[in-house]
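Working notes for the structure below.
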There are 2 protein chains.
Amino acid sequence: MARSRSLHRLNHLAQIASVDRETLMPPGGAEARALALAELEQLMHARSTDLVIADQLKAAEQETLDDEARADLREMQRGYLLATALPAELVEAKGLAASRCEYEWRAQRQANDWAAYLPNFREVLRLSREEAARLSDALGVSPYDALLDGFEPGMRSAEVARVFGAMRAWLPALIARIREKQASETVIEPVGPFALDAQRALVREIAETLGFDFERGRLDESTHPFSGGVPEDVRMTTRFREHDFSVALFSTIHETGHSRYEQGSPRAWLGRPIGSWRSMGIHESQSLAFEMQLARSRGFLERLAPRLVHYFGAQPAFEPENWLRAATRVVAGKIRVDADEATYPCHVMLRFDIEHALVAGEMQAEDVPAAWDEGMCDLLGLDTRGDYRDGCMQDPHWAGGAFGYFPCYTLGALYAAQWFAAIRRTTPDLDARIAAGDDAPVFDWLSANIWSQASRWTTPELVQRASGEALNPEHFRRHLETRYLS
Amino acid sequence: MARSRSLHRLNHLAQIASVDRETLMPPGGAEARALALAELEQLMHARSTDLVIADQLKAAEQETLDDEARADLREMQRGYLLATALPAELVEAKGLAASRCEYEWRAQRQANDWAAYLPNFREVLRLSREEAARLSDALGVSPYDALLDGFEPGMRSAEVARVFGAMRAWLPALIARIREKQASETVIEPVGPFALDAQRALVREIAETLGFDFERGRLDESTHPFSGGVPEDVRMTTRFREHDFSVALFSTIHETGHSRYEQGSPRAWLGRPIGSWRSMGIHESQSLAFEMQLARSRGFLERLAPRLVHYFGAQPAFEPENWLRAATRVVAGKIRVDADEATYPCHVMLRFDIEHALVAGEMQAEDVPAAWDEGMCDLLGLDTRGDYRDGCMQDPHWAGGAFGYFPCYTLGALYAAQWFAAIRRTTPDLDARIAAGDDAPVFDWLSANIWSQASRWTTPELVQRASGEALNPEHFRRHLETRYLS
């Protein structure tokens with residue numbers, strides 16, 4: 001426990017230095033910062049893989065432990081297994097290959113240059129497969145599942161395939177029905193510019209409305225919005241576009257969801273293994289509960305409309321019914337990060353199929369573009385042939401060797417829908433409460449069932465305890481049908 | 001050398017976390033930040049006191065080393081001696097006592113409550129004396145000198161007493177002559193408010209003019225201006241007062257001097273013991289070279305006047321001759337940090353006498369107010385009786401257990417005058433060059449003689465090599481006479 005506490009404190013410094021790097025650091029500081037963070041990471045890795053830990057964990061197994069301490073032990077065992085599974089040379093080689101690939105990818109993507117990207121990507125894939133094989137040996141699961149487990153502990157690709165397979169049977173048709181319905185609607189787009197000071201005031205007000213605790217956190221700016229820092233001092237960021245306030249607005253709402261999960265973790269557990277966030281999917285379920293379930297609900301959007309008038313002045317686009325339609329448009333586009341909640345899972349399902357086959361060795365790096373084109377045509381009816389830039393080269397994940405991450409986005413969306421179905425069961429008048437400005441039922445339920453539970457349970461246990469059932473994509477289907485087709 | 005490099009990298013994280021604490025951190029993050037920094041400090045201390053270092057240093061003594069490597073060894077030996085001289089319990093006890101005393105001092109000072117402050121101060125003094133005794137044993141110098149050496153390596157109180165004693169013979173009379181001369185001058189004070197955006201633009205321009213490299217550093221805001229960060233990424237701060245732009249202006253100039261010293265350290269030496277700044281006095285000589293020697297020179301102030309008009313609009317106070325007088329007023333005041341360059345040394349000489357006697361055991365905590373009143377009356381003709389707030393309780397240094405620090409401020413002022421005397425020898429038309437907007441002779445000399453030398457030499461060696469003589473307060477005397485009486 002002392003070791004966990006010490007690592008928690010050192011991680012605090014790594015987090016703050018990382019946040020500073022993304023928000024303030026001048027370019028000249030990059031090299032020294034990378035070396036400093038690598039030094040700390042190496043030191044923390046050495047402390048996490050000390051051979052004495054194996055004996056301590058074995059001895060702890062024999063002790064009489066209360067339930068919470070046993071859960072601490074479970075997390076420690078998992079952490080030790082993962083930390084010791086990979087030889088240092090492999091970690092270093094993959095880190096270097098991924099850094100190079102991701103760095104060069106930035107320009108290669110802009111240049112739509114798949115041929116230049118391919119050799120770097122092939123090397124990252126080769127090392128990721130080796131990593132997967134080693135982790136597979138340690139965890140006793142398939143190579144892909146071993147990588148997936150790093151982001152979503154306890155989740156297996158068979159379960160993902162089951163859920164995504166079910167969605168594939170109804171989602172494309174559902175999207176078609178939504179788009180048909182929306183085709184007959186007129187939507188007036190908001191007209192900018194929107195003064196940055198007004199945007200700043202708006203997003204600060206929204207973060208406060210959504211319960212972000214500014215005494216224990218900050219809202220700053222960065223190129224890509226994120227939520228970082230530590231539970232005691234959460235740093236979230238947003239970005240501003242002068243002609244599109246919705247970028248700052250919805251990214252702030254999204255990050256506030258992540259941040260409240262962190263700020264809501266039990267103080268008494270800080271520094272304990274059970275005090276940490278549970279998984280990427282559960283984390284994303286918080287940001288999407290805020291951004292998609294709550295903030296794009298009719299009641300919340302209707303509350304937002306007069307605030308837009310307050311900050312930006314009246315215009316036809318802010319008439320509540322129009323604003324509601326503008327904020328819930330469903331469009332089949334090539335870019336994942338710009339996708340609405342209905343089409344987003346298609347982007348993820350495509351990536352899951354490809355990365356699963358890549359890691360399993362059933363697909364090679366050079367086969368990705370063809371598989372991409374086929375999948376996008378199949379799922380969203382889009383022709384991406386020859387467009388690597390906005391096709392298979394659009395994301396940094398694979399370039400950085402993060403295979404197994406993509407499913408978490410859609411798992412988060414599914415969990416979020418499942419949470420809201422549970423909240424509606426305990427608060428049948430939820431929509432009326434939200435429309436009246438009372439979001440407390442949402443915050444109270446998430447706090448009691450998710451935030452306060454941190455890593456007390458495995459993910460499947462957490463899902464079952466919180467919602468009374470295992471992961472069930474039907475809640476997401478009903479959510480889409482209710483919001484977009486009723 | 002590997003150990004030094006590792007410590008340099010870990011210190012990077014401590015610096016950035018400290019800067020973040022002073023500039024951005026929300027109040028709720030304070031406790032976790034303190035624990036995280038203490039964890040890292042403890043870890044760095046353990047790495048600095050490893051018993052194997054003693055053997056390595058002994059072995060290195062026998063090696064054939066080039067001059068730079070031998071200087072590295074000199075600094076390592078000093079560092080190891082200091083790191084191992086104090087028992088951990090004493091360090092912890094003094095840290096706790098100083099934290100409490102300094103924390104409670106904030107309110108006690110406001111309340112002018114010496115009686116409440118005294119017991120805390122007595123305990124800090126007791127532990128500082130014990131610290132001094134231990135360091136005295138390790139270094140083989142007197143207890144006060146052992147503390148002084150922590151801030152100004154190689155400096156001894158006998159040398160300080162010699163220099164301050166010489167100044168005491170002429171400075172009070174010189175101040176009186178300056179004040180007499182200035183009494184007949186009319187000065188129009190600038191009239192605010194001065195828009196904060198205009199102040200921000202002004203100080204940014206001045207920092208750029210003075211060569212601050214924004215690619216390797218930032219200028220932010222904090223309650224008390226400071227220069228921190230690391231040479232690769234220097235973070236300096238300023239503060240803004242709506243009705244007095246000179247606070248932001250001159251504090252920025254001051255911190256830019258500190259920052260250029262850091263930014264000018266040799267890149268090839270980064271992470272080596274010789275690559276670090278030399279001493280507090282030398283550091284302060286850079287900030288004062290910028291703030292006092294350069295920026296309050298006639299030529300520089302005359303260049304500033306039209307920039308003030310540019311940013312704040314014309315007003316009678318910005319007429320160059322008036323602005324020159326306004327920026328070089330000499331006033332005998334109670335507060336050290338508000339003092340002009342002529343009276344500042346009086347504040348320091350008083351503190352040196354008292355802290356020297358306190359550490360030597362020749363004065364007790366309860367004797368401080370009487371000694372203060374007597375010294376202030378003697379040196380500046382001010383009656384401070386009963387005014388602890390703006391008297392002996394005005395500084396945080398002693399409350400925080402930092403005995404031996406104060407002399408460095410005036411050593412810095414003396415060194416700065418000595419550097420400018422040397423610059424004038426190589427560049428006889430210096431004042432004309434500055435007036436014409438060419439500050440390069442100053443930057444070039446400081447870079448060649450101070451910044452690029454880092455810790456290559458001991459302080460006396462550095463002073464001798466840079467200026468051709470040992471510390472000589474006559475340069476400061478001539479500087480004051482030239483600026484204020486000619």
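The values are calculated or read from the model by the stated rules, or taken from the named source; none is laboratory data. Since the structure is predicted, the reported quantities are computational estimates derived from the model, not experimental observations. FYI the Cβ positions are ideal-geometry reconstructions off the backbone, even for glycines, and counts take in every protein chain you see. Side chains are part of the model used for accessible areas, which takes the heavy atoms of the whole protein and leaves out ligands, DNA and RNA. Shrake-Rupley method; radii C 1.70, N 1.55, O 1.52, S 1.80 Å.
Taking first residues from region A:199-220 that are in contact (Cβ under 8 Å) with a residue 12 or more places away in the chain and crowded, with 22+ Cβ neighbours inside 10 Å and partners that are small (Gly, Ala, Ser) and assigned to a strand (DSSP E or B), the Cβ contacts under 8 Å between residues at least 6 apart in sequence or on separate chains come to A:217/A:229. Residues in region A:293-318 that are closer than 19 Å to residue A:200 by Cβ and touching a Leu at 6+ places or on another chain (Cβ under 9 Å): A:295, A:304, A:307, A:308, A:310, A:311, A:312, A:318. Here residue B:88 fits the description: away from chain A (no Cβ under 14 Å), farther than 27 Å from residue A:229 by Cα, open to solvent by 60 Å² or more (accessible area, probe 1.4 Å) and among the small types (Gly, Ala, Ser).
For residue B:234, the stated conditions do not hold, so it cannot be described as more than 13 Å from residue B:256 (Cβ to Cβ) and within 13 Å of another protein chain (Cβ to nearest Cβ). Being of a type in the set (A, V, I, L, M, F, W, C), over 19 Å from residue B:393 (Cα atoms), open to solvent by 40 Å² or more (accessible area, probe 1.4 Å) and more than 22 Å from the chain's Cα centre (by Cα) is a property that residue B:73 lacks. Against the conditions (1) open to solvent by 30 Å² or more (accessible area, probe 1.4 Å); (2) more than 8 Å from chain A (Cβ to nearest Cβ), residue B:28 satisfies every one except (2). Considering (1) surrounded by 13 or more Cβ atoms within 10 Å (Cβ to Cβ); (2) out of contact with any Gly (no Cβ under 7 Å at 6 or more places or on another chain); (3) part of a helix (DSSP H, G or I); (4) at pLDDT 95 or above, the lone condition that residue B:95 does not fulfil carries the number (4).
Of everything listed in (1) touching a helix residue (DSSP H, G or I) at 6+ places or on another chain (Cβ under 8 Å); (2) within 14 Å of chain B (Cβ to nearest Cβ); (3) surrounded by 14 or more Cβ atoms within 10 Å (Cβ to Cβ), the single unmet condition for residue A:48 is (2). Just one of A:259, A:265 is within 14 Å of another protein chain (Cβ to nearest Cβ), open to solvent by less than 20 Å² (accessible area, probe 1.4 Å), among the small types (Gly, Ala, Ser) and assigned to a helix (DSSP H, G or I); which is it? The conditions single out A:259. If the condition is being surrounded by fewer than 22 Cβ atoms within 10 Å (Cβ to Cβ) and in a helix (DSSP H, G or I), then region A:110-119 contributes A:110, A:114, A:115, A:116, A:118, A:119. Taking each residue of region B:3-24 that is more than 9 Å from chain A (Cβ to nearest Cβ) and free of Cβ contacts under 8 Å to residues at least 60 places away in the same chain and looking for partners that are open to solvent by 60 Å² or more (accessible area, probe 1.4 Å) and polar (S, T, N, Q) with beta-carbon atoms closer than 9 Å, six or more apart or interchain, yields B:3/B:56.
Picking from residues in region A:398-421 that are part of a loop (DSSP other than H, G, I, E, B) and closer than 25 Å to residue A:480 by Cβ, the one that is most open to solvent (accessible area, probe 1.4 Å) is A:405.
All of (1) of a type outside the set (S, T, N, Q); (2) out of contact with any helix residue (DSSP H, G or I) (no Cβ under 7 Å at 6 or more places or on another chain); (3) at the interface with chain B (Cβ under 7 Å from one of its Cβ atoms) hold for residue A:36 with one exception: (2). Considering B:126, B:106, B:122, the condition of being surrounded by fewer than 19 Cβ atoms within 10 Å (Cβ to Cβ), modelled with pLDDT under 95, part of a helix (DSSP H, G or I) and not hydrophobic (A, V, I, L, M, F, W, C) is satisfied by B:106 alone.
Of the residues screened, residue B:152 is one that is touching a helix residue (DSSP H, G or I) at 6+ places or on another chain (Cβ under 7 Å), under 14 Å from residue B:404 (Cα atoms) and either of a type outside the set (Phe, Trp, Tyr) or at pLDDT 95 or above (or both).
Among the residues making up region B:366-381, those that are under 25 Å from residue B:126 (Cα atoms) and either surrounded by 14 or more Cβ atoms within 10 Å (Cβ to Cβ) or among the charged types (D, E, K, R) (or both) are B:366, B:367, B:368, B:369, B:371, B:372, B:373, B:374, B:375.
Only residues that are open to solvent by less than 60 Å² (accessible area, probe 1.4 Å), part of a loop (DSSP other than H, G, I, E, B) and either in contact (Cβ under 8 Å) with a residue 40 or more places away in the chain or not acidic (Asp, Glu) (or both) were counted in region B:422-450, giving 4.
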